[in-house]
Amino acid sequence: MIHYSDIGLVNPVQMFKKAYEEQYAVPAYNFVNLEQLQGILTACMNTRSPVILQVSKNVRNYVGKELVRHMVRGAVELVGSAIPVALNLDHGDSLELCKDCIEDGFSSVMIDGSALPYKQNVELTREVVHYAGPHGVCVEGELGVLSGVEEYLNHGRSLYTDPDLAADFISKTGVDCLAVSIGTSHGIHKLKNGPAGGDALRFDILEEIGRKLPGFPIVLHGSSSLPREYVAMLNRSGGDLSGVSGIPEEQLRRAVKGAVCKVNVASDGWLIMTAVIRKILTENPAVFDPRKYLGPARDELEKIYERKNRDLFGSAGKA
Ligand code: 13P
C-alpha cells in the first residue's frame, strides 16, 4: 500500500474549496506519455497553477501502473513545493479498480456509474466512498450521461443532470465532487448531441445545481476547446479530421465562475501534439530522432495549457 501523501500528492478537495470561493477552476489534464506530462507540469509551474493529473484505466494499462506511479512521483519531485499536484483516476468503472488506484498512491478516484440505473450508481459510488474515506482520498461521482466518445466510453446520447437528483445523490453517496452533464461531451465533436441540439452549455442547469448545493464542487468533463488552428495544421499535413467542434472559450470562462471547480481536458492535448508532430514530419522527411518532433509538440502543449490556466480557467497564480 502506497499512500499518496508519501509521494507528495495532495487531495484535490483542498484545491476545490479555494477554487469555489475565488471563482476559478483547477485544470485536470490527462496525460498518456512523458512529453504530455512535461508540458502539463511546465505550464502549471510557469503559471503557478494547482493541477490535477489524470489517467484513465486504459492509459494506466498502456503506460503500466508502475511507470505511471514513478512518473507522477518524479513530477512531484520536479515541482517541489511550487504547486500542489493531485492524481485522479479518470472514469473508474469498478470498485476493484478504484481500490487498486487508492492503494497505488492516487489521491483521487472517479467512479463513473452514470450509465447504470440510478440506484446502482448510488450503491457503487457509496462503496467507493466507503473504501476511500479512511485513506483520505477524494471521490468524484457522475450523474447524467455525456455524449461523445472517450476511450471505452461511447455514449450516443446526452442526458442532462437533474439538479434535485444531484442533491439526493450527494447526500446518499457522500462524494466529494460531482461530474455533471450540462452539454459538454467527450472527444472532438461537441455541443451537437444534446437533447436540445443547441450550441451552448445549459447554464440554467448549472446555476440550479449551484443553488441547491451551495459550496459543493462541480466537475466539468469534456472541456476541450479544440482550437481550429490545430485542426487546420493537422489537416494540412495529411490528416483528415472533419466536423471538429470544441467548447467555446467564453462558455468555459463563464462555467468556472459558477460551481465548476474542476475542468477535464484530454482531447486538446491529443490534437495539439498530433498536429505539431504531423507538421514537422511532413515538412522534414529526414527527421528520425523522436526528440525533434516530440519536443516541439510538448512545447506547444505547454504554451496552450499556460494560456488556458491564465485566460480560461483562472487558475494562474492560485497555487
Ligand atoms: P475532452 O475530450 O473534452 O478533452 O474531455 C476529457 C474528459 O472529460 C476526460 O474525463
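For region 285-313, name all the residues that are touching a residue at least 60 places away in the same chain (Cβ under 8 Å), farther than 15 Å from Phe31 by Cα, buried (at least 17 other Cβ atoms within 10 Å of the Cβ) and away from the ligand (no atom under 16 Å from the Cβ).
Answer for region 285-313, where residues must be touching a residue at least 60 places away in the same chain (Cβ under 8 Å), farther than 15 Å from Phe31 by Cα, buried (at least 17 other Cβ atoms within 10 Å of the Cβ) and away from the ligand (no atom under 16 Å from the Cβ): just Glu306.
Given Gly183, Gly141, Gly194, which one is crowded, with 22+ Cβ neighbours inside 10 Å and either at pLDDT below 75 or part of a helix (DSSP H, G or I) (or both)?
The unique qualifying residue is Gly194.
Residue under question is Ser81, and the condition is that it be closer than 22 Å to Ser223 by Cα, away from the ligand (no atom under 16 Å from the Cβ) and of a type in the set (Gly, Ala, Ser); does it hold? Talk me through it step by step, then tell me what you get.
Values: closer than 22 Å to Ser223 by Cα: no; away from the ligand (no atom under 16 Å from the Cβ): yes; of a type in the set (Gly, Ala, Ser): yes.
It is false that Ser81 is closer than 22 Å to Ser223 by Cα, away from the ligand (no atom under 16 Å from the Cβ) and of a type in the set (Gly, Ala, Ser).
Can you pull out the residues in region 285-318 that are in a helix (DSSP H, G or I) and not charged (D, E, K, R)?
At the first step, the residues of region 285-318 found to be in a helix (DSSP H, G or I) are 291-312.
Result: Tyr293, Leu294, Gly295, Pro296, Ala297, Leu301, Ile304, Tyr305, Asn309, Leu312.
Quick check on region 147-158. Is at least one of its residues away from the ligand (no atom under 16 Å from the Cβ), surrounded by fewer than 21 Cβ atoms within 10 Å (Cβ to Cβ), modelled with pLDDT under 95 and not small (Gly, Ala, Ser)? Full working, then the answer.
At the first step, the residues of region 147-158 found to be away from the ligand (no atom under 16 Å from the Cβ) are 157.
Now drop any that are not surrounded by fewer than 21 Cβ atoms within 10 Å (Cβ to Cβ), which leaves 157.
Now restrict to residues that are modelled with pLDDT under 95: 157.
Subsequent filtering for residues that are not small (Gly, Ala, Ser) retains 157.
Scanning region 147-158, I find at least one residue that is away from the ligand (no atom under 16 Å from the Cβ), surrounded by fewer than 21 Cβ atoms within 10 Å (Cβ to Cβ), modelled with pLDDT under 95 and not small (Gly, Ala, Ser), so the answer is yes.
Residues being part of a helix (DSSP H, G or I) and within 16 Å of the ligand (Cβ to nearest atom): count how many of those fall in region 261-284. Give the steps one after another, and end with the answer.
From region 261-284, those part of a helix (DSSP H, G or I) are 267-283; that's our starting set.
Now narrow it down to the ones that are within 16 Å of the ligand (Cβ to nearest atom): 267-275.
The total comes to 9.
Consider region 23-45. How many of its residues are of a type in the set (Ser, Thr, Tyr), more than 22 Å from Ser5 (Cβ to Cβ) and crowded, with 20+ Cβ neighbours inside 10 Å?
Filtering region 23-45 down to residues of a type in the set (Ser, Thr, Tyr) leaves 24, 29, 42.
From what is left, the residues that are more than 22 Å from Ser5 (Cβ to Cβ) are 24, 42.
Remaining after also requiring crowded, with 20+ Cβ neighbours inside 10 Å: 24.
Residues that pass the stated criteria total 1.
Of the residues Asp93, Asp6, only one is surrounded by 17 or more Cβ atoms within 10 Å (Cβ to Cβ) and under 18 Å from Val137 (Cα atoms); which? Steps first, please.
On the way: Asp6 fails: surrounded by 17 or more Cβ atoms within 10 Å (Cβ to Cβ).
Just one listed residue meets the conditions, Asp93.
Of all residues being within 29 Å of Ser49 (Cα to Cα) and touching a residue at least 40 places away in the same chain (Cβ under 8 Å) in region 112-129, which is farthest from the chain's Cα centre (by Cα)? Just the residue, please. If you could, list the steps in order and put the result at the bottom.
Quick first cut of region 112-129, residues within 29 Å of Ser49 (Cα to Cα) only: 112, 128-129.
Checking which are touching a residue at least 40 places away in the same chain (Cβ under 8 Å) leaves us with 112, 129.
Working: Asp112: 13, Val129: 20 Å.
Among those that are within 29 Å of Ser49 (Cα to Cα) and touching a residue at least 40 places away in the same chain (Cβ under 8 Å), it is Val129.
Of these, Arg73, Arg48, Arg60, Arg69, which one is of a type in the set (Lys, Arg) and either buried (at least 23 other Cβ atoms within 10 Å of the Cβ) or under 19 Å from Lys262 (Cα atoms) (or both)? Before the answer, list the steps.
Details: Arg73 fails: either buried (at least 23 other Cβ atoms within 10 Å of the Cβ) or under 19 Å from Lys262 (Cα atoms) (or both); Arg60 fails: either buried (at least 23 other Cβ atoms within 10 Å of the Cβ) or under 19 Å from Lys262 (Cα atoms) (or both); Arg69 fails: either buried (at least 23 other Cβ atoms within 10 Å of the Cβ) or under 19 Å from Lys262 (Cα atoms) (or both).
None of the other options fit; the residue is Arg48.
I'd like to verify a number: residues in region 259-284 that are surrounded by fewer than 22 Cβ atoms within 10 Å (Cβ to Cβ) and among the hydrophobic types (A, V, I, L, M, F, W, C), how many?
So the answer is 4.
Being more than 30 Å from Lys17 (Cβ to Cβ) and either surrounded by 21 or more Cβ atoms within 10 Å (Cβ to Cβ) or among the charged types (D, E, K, R) (or both) is the filter; apply it to region 217-252 and report the residue that is nearest to the ligand (Cβ to nearest atom).
In the first step, residues of region 217-252 are kept if they are more than 30 Å from Lys17 (Cβ to Cβ); the result is 226-245.
If we keep only those that are either surrounded by 21 or more Cβ atoms within 10 Å (Cβ to Cβ) or among the charged types (D, E, K, R) (or both) too, we end up with 228-230, 234, 236, 240.
Details: Arg228: 15, Glu229: 17, Tyr230: 13, Leu234: 16, Arg236: 22, Asp240: 19 Å.
Filtering region 217-252 for residues that are more than 30 Å from Lys17 (Cβ to Cβ) and either surrounded by 21 or more Cβ atoms within 10 Å (Cβ to Cβ) or among the charged types (D, E, K, R) (or both), the one nearest to the ligand (Cβ to nearest atom) comes out as Tyr230.
The values are calculated or read from the model by the stated rules, or taken from the named source; none is laboratory data. Everything numeric here is computed off the predicted structure, so don't read it as measured data. Backbone-built Cβ (ideal geometry, glycine too); neighbour counts: all protein chains shown.
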